[in-house]
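The values are calculated or read from the model by the stated rules, or taken from the named source; none is laboratory data. Because the structure is predicted, anything quoted here is derived from the model rather than measured. Neighbour counts run over all protein chains shown; Cβ positions are idealised from the backbone, glycine included. The accessibility values were calculated without ligands, DNA or RNA, using every heavy atom of the protein model including side chains. Shrake-Rupley method; radii C 1.70, N 1.55, O 1.52, S 1.80 Å.
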Amino acid sequence: MDISPTVESSPVAPGTDSDIEALINARHPASEARQLKQLLGACFRHQLMDGQLRPQDLYGALLCAWQRLQQHRAGTIGLAVFNTDPQQDAWHCDHSLIEILMDDQPFIAASCLSELARLGIRIHHQAYPALHLRRDSEGRLLELCESKVPGARTEALVRFEIDRQADPAALAEVRDALARVLEDVHCSVADWQAMLERVEEAARACETADDRDSETVDFLRWLADEHFLFVGYRYYDIGTDESGCYQLHYRDGSGLGCFRDPVSESKRLIRLDADQSELLRAPQRLVLTRSTTRSTVQQNRHLDYIGVKNLDGDGRLIGEWRFFGLYSSQAYDTPVSQIPLIRRHVRRLLESSGLSRDSHGYKALRHLLFNYPRDEMLQSGYEQLRETILGMLDCVERRRLGLFLRPDAHDRFIKVLMLVPRDQYNTQLRVAVQEILLAELGGHSAEFGVRLSEEPLALIEFCIHCRQARRVEYDRDRLYTLVLDAMESWPDKLQRALEQDLGEYRGNSLFGRFAGRLPLAYREATDLTTAVADLKQLAALKSDQQLATRLEPLALAAWACGCWAAAAT
């Protein structure tokens, strides 16, 4: 637990940035005051606009950050998670504080934000300026520079104000979690170039092979061109056991990024069963799926896994390059017609559709393809993709619920794409559907993504992690019915029940005539069968009839009496 510095106490009311600058000018030499005011603008410009904060508290926070800068060696990570003590420090912050000082590099802030979200901790203020600092050989601060000058290095000062953690053990837990994340960020960035070299090594091997596939080579080089965030890498030598199943032996020292040595015993030797070995014997050089390991860099989700098979001169499988990471935002922004591996599927689907380029159907198909999840398209075979896309096209044209499932070829998860009318989508529905999928598919965890646009249907993507995904048995019709039931409101279900009982014309006629007049209490207490019978009897009443009676079971009669009694009082 880090204790913030003590500052000279004086009663100061809430004020403006000029009040804080007055404190700085009064208590520091001109050169140091100039640097403090520069740090104030870089770290605390948002708090300067908050008239409720005391200048003394902002000054104390500023001085705390300034003292953090005084000592730092290149390549190290300075991390403090603490609470202020107004009695000791003479300044106060309602929240707990996190301060990080390290060499400036990508992914620091985003990775910390993701980890704090995983811990369920809210962030009340954040700042992460890149500062240009001159230091001596021992890492002592000489000057905070306004811009990059000869001899200065760039460091990141990251500062978060989070939900107050009163328990010292909770502060320690946050600190330990962030320390792991920052170490992973450092390792990933430090080994970035080495991982790119391994990608090029794999690409050259595929390029010079007898079974050369230009799309595979282009894809690997496309990944290296800022379309993939490389988090880790390992190389495995491949042999067989006495039964002919493959065994993967980790090559010592090959690990990079978050997958550096040491390696656990379970990852040092990986034994594949007969089904997994058969998958590895497939002629495709690439293995595209998701890892069972979650990322701590940039996003808190399962890592994308890209395996490249290594063959000897006789075409025997001898090893595998394994890359772990996340597709970048640039990858998701790239048109599918320009992404290797995907582009040939897109071209083939459009050409085989038989639709005129000027037709509504062709434009709808093209829109679906160009907005289809990129990673899902990469992991799907052509026939699977074609079946899903054409099913989605039917849903779009009819504006109805669609549910499409794809078990992972490597048994790790089941991908579910759901199309739902946009005006019926909400968080409550997403949570309900996720619970249905977990229960029906035997999942142990889930991830989701939501795509909302001006189109009438929203696309919700679920990844249900489960064991032996390809062997999971489920009833597609039952699953569809459960999701439809979760999606539809009581009036939606009533309309469907009326159509089934009376036909589309009469059912819609009765629905339009009476449904909007049914009170909430009636909807909550009446099942659909009874409601249909009630509406049919209402519709049968003649203008000269003043009263009609229908007998109901005693329980329902008692409920009706209770409602009237409550209304009367």
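Numbers for the structure displayed
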{"item": "Near pairs, Cβ below 6 angstrom, 6+ apart or cross-chain, from segment 222-247 (more than 24 Å from residue 185 (Cβ to Cβ)) to any residue that is among the β-branched types (Val, Ile, Thr) and buried (at least 16 other Cβ atoms within 10 Å of the Cβ)", "result": "246/238"}
{"item": "Segment 436-455, residues that are open to solvent by 40 Å² or more (accessible area, probe 1.4 Å) and within 24 Å of residue 391 (Cα to Cα)", "result": "440, 448, 450, 451, 452, 453, 454, 455"}
{"item": "Some residue of segment 165-179 being in a helix (DSSP H, G or I), under 30 Å from residue 312 (Cβ atoms) and not small (Gly, Ala, Ser)", "result": "no"}
{"item": "Selection from segment 354-380 of residues that are open to solvent by less than 40 Å² (accessible area, probe 1.4 Å) and without any contact (Cβ under 8 Å) to a residue 60 or more places away in the chain", "result": "359, 361, 362, 364, 365, 368, 369, 372, 374, 377, 380"}
{"item": "Count of segment 264-287 residues which are touching a strand residue (DSSP E or B) at 6+ places or on another chain (Cβ under 8 Å), assigned to a loop (DSSP other than H, G, I, E, B) and open to solvent by less than 70 Å² (accessible area, probe 1.4 Å)", "result": "2"}
{"item": "Of the criteria (1) within 24 Å of residue 65 (Cβ to Cβ); (2) modelled with pLDDT under 95; (3) among the basic types (Lys, Arg), which one residue 180 fails", "result": "(2)"}
{"item": "Helices (runs of 4 or more DSSP H) wholly inside segment 450-552 that include at least 2 residues being within 30 Å of residue 293 (Cα to Cα) and at pLDDT 90 or above", "result": "476-487"}
{"item": "Qualifying residue in segment 255-263 (condition: open to solvent by 70 Å² or more (accessible area, probe 1.4 Å), touching a residue at least 12 places away in the same chain (Cβ under 8 Å) and assigned to a helix (DSSP H, G or I))", "result": "no"}
{"item": "Condition met for residue 219 (in contact with a helix residue (DSSP H, G or I) (Cβ under 8 Å, 6 or more places away or on another chain) and among the aromatic types (Phe, Trp, Tyr))", "result": "no"}
{"item": "So residue 410, is it in contact (Cβ under 8 Å) with a residue 24 or more places away in the chain, of a type outside the set (Lys, Arg), open to solvent by 30 Å² or more (accessible area, probe 1.4 Å) and not in a helix (DSSP H, G or I)", "result": "yes"}
{"item": "Top-ranked residue in segment 288-308 [being β-branched (Val, Ile, Thr) and either surrounded by fewer than 18 Cβ atoms within 10 Å (Cβ to Cβ) or over 28 Å from the mean Cα position of the chain (by Cα) (or both); ranked as farthest from residue 244 (Cα to Cα)]", "result": "293"}
{"item": "Checklist (1) in a loop (DSSP other than H, G, I, E, B); (2) touching a strand residue (DSSP E or B) at 6+ places or on another chain (Cβ under 8 Å); (3) not hydroxyl-bearing (Ser, Thr, Tyr) applied to residue 101, failing item", "result": "(1)"}
{"item": "Residues of segment 400-433 satisfying the condition of being within 28 Å of residue 286 (Cα to Cα) and β-branched (Val, Ile, Thr)", "result": "414, 416"}
{"item": "Within segment 110-155, tally of residues that are of a type in the set (Gly, Ala, Ser) and surrounded by fewer than 17 Cβ atoms within 10 Å (Cβ to Cβ)", "result": "8"}
{"item": "Count of segment 104-138 residues which are closer than 28 Å to residue 302 by Cβ, outside any loop (DSSP other than H, G, I, E, B) and in contact (Cβ under 8 Å) with a residue 24 or more places away in the chain", "result": "12"}
{"item": "So residue 239, is it assigned to a strand (DSSP E or B) and open to solvent by less than 50 Å² (accessible area, probe 1.4 Å)", "result": "yes"}
{"item": "Of all residues making up segment 429-463, the number that are closer than 23 Å to residue 394 by Cα, under 15 Å from the mean Cα position of the chain (by Cα) and among the charged types (D, E, K, R)", "result": "3"}
{"item": "Every pair of residues 6+ apart whose Cβ atoms lie under 6 Å, when the first sits in segment 188-215 and is open to solvent by less than 30 Å² (accessible area, probe 1.4 Å) while the second is of a type in the set (Gly, Ala, Ser)", "result": "188/257; 191/257; 199/224"}
{"item": "Segment 194-217: number of residues that are at pLDDT below 90 and in a helix (DSSP H, G or I)", "result": "0"}
{"item": "Matching residues, segment 321-335, being under 14 Å from residue 219 (Cα atoms) and either touching a Ser or Thr at 6+ places or on another chain (Cβ under 7 Å) or assigned to a strand (DSSP E or B) (or both)", "result": "323, 327"}
{"item": "Pairs, first open to solvent by 80 Å² or more (accessible area, probe 1.4 Å) in segment 164-184, second not in a loop (DSSP other than H, G, I, E, B), C-beta under 8 Å, six or more apart", "result": "164/96; 175/79; 175/80; 175/81; 183/77"}
{"item": "Residue that is at pLDDT below 95, assigned to a helix (DSSP H, G or I) and farther than 21 Å from residue 461 by Cβ, where the choices are 369, 350", "result": "350"}
